[in-house]
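> Sharing a structure here in structure tokens format.
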Amino acid sequence: MKRVKATVAYDGTNFAGYQFQPGIRTVQSEIDKALVKVHKDNSIYSVASGRTDAGVHANGQVIHFDTSLSLPTDRWIMALNVLLPKDIRVVGAEYVDESFHARYSATGKTYIFKWSYSDVQSPFERNYAVHLGRWRPDVQLMREAAEQIIGTHDFTSFCSSKTATSNKVRTVRQMTLEKQGHLLIMTIEGDGFLYNMVRTIAGMLLAVGIGWNTPADIQKILESRDRKKAGKTAPAHGLYLDSVTYD
């Protein structure tokens, strides 16, 4: 058996999230169906770097699977894309050592979150950026708040109460907010993220930008370890898993 590492992009709009759920359309279920067809073996399955929620997109999700086939890497891309629905695409593939694990070998992830300043939201953009409507947030205040997020913290206040892991300490290495045309884009990179952590951070930064909170509130909210202090979670459709890194 050989191990294949593949990079996958998908439009999360019409999926109930990444992870397999019986009888429900998910990204993993579609990928695994394609793998089963290629191998003619019902026992074949994929392992991902992590799950994404319903409506969340990906430019660079990473998976691995074990195979008895000896296809060239470009043929893996072609063979799977022929079988996958058009809202999922394999964009890269390579053979890796059997010790590689899409989830446990990951050393970092980068997410992006998009808001739109458009006066009237384009129907072609409604699933891919969160419309700000009448709000015009102060981006400099949002950047000052982001500075408080960077570093190693207990992010209990910035994750869902449904988060299963007991260790909620994570390191955010980099974070930027940039205007690109009519879009405001947050980019955040760290060693890992808790359930709903990036969306909660995005929601909190917007709250600062529109004056509901101040940058100085961020440290207090972190120290409180109280999810109720951090406000609303930003909508899923503005979020993208951009890339996963491995040493």
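The values are calculated or read from the model by the stated rules, or taken from the named source; none is laboratory data. Please read these numbers as outputs of a predicted model, since none were measured by experiment. Cβ placement follows ideal geometry from the backbone for every residue including glycine, while neighbour counts extend to all protein chains displayed. Note: accessible area is taken over every heavy atom of the protein model, side chains too, but ligands, DNA and RNA are not part of it. Shrake-Rupley method; radii C 1.70, N 1.55, O 1.52, S 1.80 Å.
> Given a 1.4 Å probe and heavy atoms of the protein chains only, how would you sort Asp74, Asp226, largest accessible area at the top? Provide the component values of the computation, followed by the final result.
On the way: Asp74 90, Asp226 55 Å².
Sorted by accessible area, descending: Asp74, Asp226.
> Let me ask something else about it. Which percent of Cα pairs goes in each bin when the distances of the stretch 109-247 are cut into 10 angstrom slices starting at zero?
Result, from short to long distances: 12, 45, 33, 9, 0 percent.
> Working out 0.36 nm times the residue gap between Lys228 and Leu69, then minus their Cα-Cα distance, what length gain in nm do you get to one decimal?
Separation in residues times 0.36 nm, less the Cα-Cα distance, equals 52.2 nm.
> Here is a follow-up. Hey, what do the phi angles of the stretch 144-149 turn into as Karplus ³J(HN,Hα) couplings, whole Hz, using 6.51/-1.76/1.60 and θ = phi - 60°, x for Gly and Pro?
For the stretch 144-149, the Karplus curve yields 5, 5, 4, 4, 6, 7 Hz.
> Give, rounded to the nearest 20 debye, the magnitude of the charge dipole that the chain has about its Cα centre when Lys and Arg contribute +1 at Cβ and Asp and Glu contribute -1 at Cβ. Before the final figure, lay out the partial values.
Values: 30 positive and 25 negative charges, 120 e Å.
Charge dipole of the chain: 580 debye, to the nearest 20.
> Still on this structure, please answer the following. If you average the sequence gap of Cα pairs under 8 Å that are 6 or more apart and divide by the length of the stretch 7-86, what percent do you get for the contact order?
Numbers: 114 pairs, mean separation 29.5, N = 80.
The normalised contact order for the stretch 7-86 reaches 37 percent.
> Just name one of Thr67, Ser105, Tyr18: the one whose Cα is farthest towards the positive end of the charge dipole of the stretch 2-125 (beta-carbon charges, Lys/Arg +1, Asp/Glu -1).
Comparing the listed Cα positions along the dipole, Thr67 ranks first.
> Right, next: Based on DSSP, what percent of beta bridges with both residues in the chain are antiparallel, to the nearest 5? Mind showing how you got there, number by number?
Details: 45 of 49 bridges.
Here the antiparallel bridges make up roughly 90 percent for the chain.
> A further question on this structure: Which whole-number percent gives the relative contact order of the stretch 1-43, counting Cα pairs below 8 Å spaced six or more residues apart?
Working: 25 pairs, mean separation 9.4, N = 43.
Value for the stretch 1-43: 22 percent.
> Taking the simple approach of a point 7 Å from Cα along Cα-to-Cβ for both Thr187 and Gln19, what is their distance in nm?
For the pair Thr187/Gln19, the computed spacing is 3.0 nm.
> Please compute the per residue accessible area over the chain with all protein chains in place, 1.4 Å probe, rounded to a whole number of Å².
Values: 12210 Å² over 247 residues.
The answer is 49 Å² per residue.
> Please name whichever of Ala164, Leu241, Leu205 sits farthest to the positive end of the charge dipole of the chain, dipole taken about the Cα centre and charges placed at Cβ: Lys and Arg +1, Asp and Glu -1.
Of the listed residues, the answer is Ala164.
> Let me ask something else. Within the chain, what whole-number % of the accessible surface is contributed by carbon and sulfur, with the 1.4 Å probe and all protein chains included in the calculation? Let's see the in-between values first.
Working: 6100 of 12210 Å².
In the chain, the share of accessible area belonging to carbon and sulfur is 50 percent.
> Using the crude model of +1 on Lys and Arg Cβ and -1 on Asp and Glu Cβ, and no other charge, please compute the dipole size for the stretch 165-205 relative to its Cα centre, in debye to 20.
On the way: 5 positive and 3 negative charges, 24 e Å.
Around 120 debye, computed over the stretch 165-205.
> Could you state the angle between the C-alpha long axis of helix 197-209 and the longest principal axis of the C-alpha atoms of the chain, as a value from 0 to 90 degrees rounded to the nearest 10?
On a 0 to 90 degree scale, this one is about 30.
> What list of whole percents do you get for P(r) of the stretch 1-58, with Cα-Cα distances grouped in 10 Å bins up to the one holding the largest distance?
Each 10 Å bin holds this share of Cα pairs: 23, 55, 22, 1.
> Right, another one. Taking R0 as 25 Å, what FRET efficiency do you get between Phe124 and Met78 from their Cβ-Cβ distance, rounded to the nearest 0.05? List each step's numbers first, then the result.
Numbers: r = 28 Å, r/R0 = 1.14.
In this case the efficiency is close to 0.30.
> Can you compute the charge dipole magnitude of the stretch 89-200 about its Cα centre, using +1 on each Lys and Arg Cβ and -1 on each Asp and Glu Cβ, nothing else charged? Give it in debye, rounded to the nearest 20.
Numbers: 14 positive and 12 negative charges, 86 e Å.
Dipole magnitude for the stretch 89-200 comes out near 420 debye.
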